[in-house]
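Notes for the one structure printed next.
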Amino acid sequence: MIVNGKADILHFYSREIISGGGKSFTIPSVVRLRHNVKRKFIKTFRVSRNGIFSRDNFTCQYCGRKDVELTLDHIYPRHLGGSHSWDNLAACCKNCNAKKGWKTLDQSGMHLLSVPKTPRYSFASLLTPHEEHSDSIWQYYLPA
């Protein structure tokens, strides 16, 4: 968009990228669009492993532990007709996943800490790494 003249660069990051041809490029950190761009409204977000973990705050939804390696658990098992959807998936530690196995919650006697639901925002923006100083740079351009 910058090359095509549809956006202006307002601020750059302090570091540069060196391309294969030996040229260096500065990375824009703040870009302003010259014209309003209408975006398609997305009703639901695609289910992803990182999205489920982020929604569940990287916490096992059965025992509440945070310091363990997480897996995905189908609350209502797929072999019984359960779906691979936001409301049927939960972050789960390996021990709890093995304990629950292929059973339903009633059969296993386990309970969820929170009811899983479809998020109303994209987790991609939360999971994207940012520069440490980007907050102070953006504060100038964002409304108070």
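The values are calculated or read from the model by the stated rules, or taken from the named source; none is laboratory data. Quick caveat, the model's predicted, so the values are computed rather than measured. All Cβ positions, glycine included, derive from the backbone under ideal geometry; neighbour counts span all protein chains shown.
Rundown of residues vs (1) outside the structural domain of Gly5 (by TED's automatic domain parsing); (2) of a type in the set (S, T, N, Q), yes/no style:
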site	(1), (2)
Val30	no, no
Thr59	yes, yes
Arg65	yes, no
Thr71	yes, yes
Gly82	yes, no
Lys99	yes, no
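In the range 120-144, of all residues being of a type in the set (Ser, Thr, Tyr) and under 12 Å from the mean Cα position of the chain (by Cα), the one that is modelled with the highest pLDDT corresponds to Tyr121. Restricting Lys66, Lys100, Lys117 to residues that are among the basic types (Lys, Arg) and either surrounded by 14 or more Cβ atoms within 10 Å (Cβ to Cβ) or modelled with pLDDT of 95 or more (or both) narrows the list to Lys100. Considering only residues in the range 6-62 that are touching a residue at least 12 places away in the same chain (Cβ under 8 Å) and acidic (Asp, Glu), the one that is farthest from Ser83 (Cα to Cα) turns out to be Asp8. If the condition is being without any contact (Cβ under 8 Å) to a residue 24 or more places away in the chain and either surrounded by 12 or more Cβ atoms within 10 Å (Cβ to Cβ) or charged (D, E, K, R) (or both), then the range 76-94 contributes Arg78, Gly82, Ser83.
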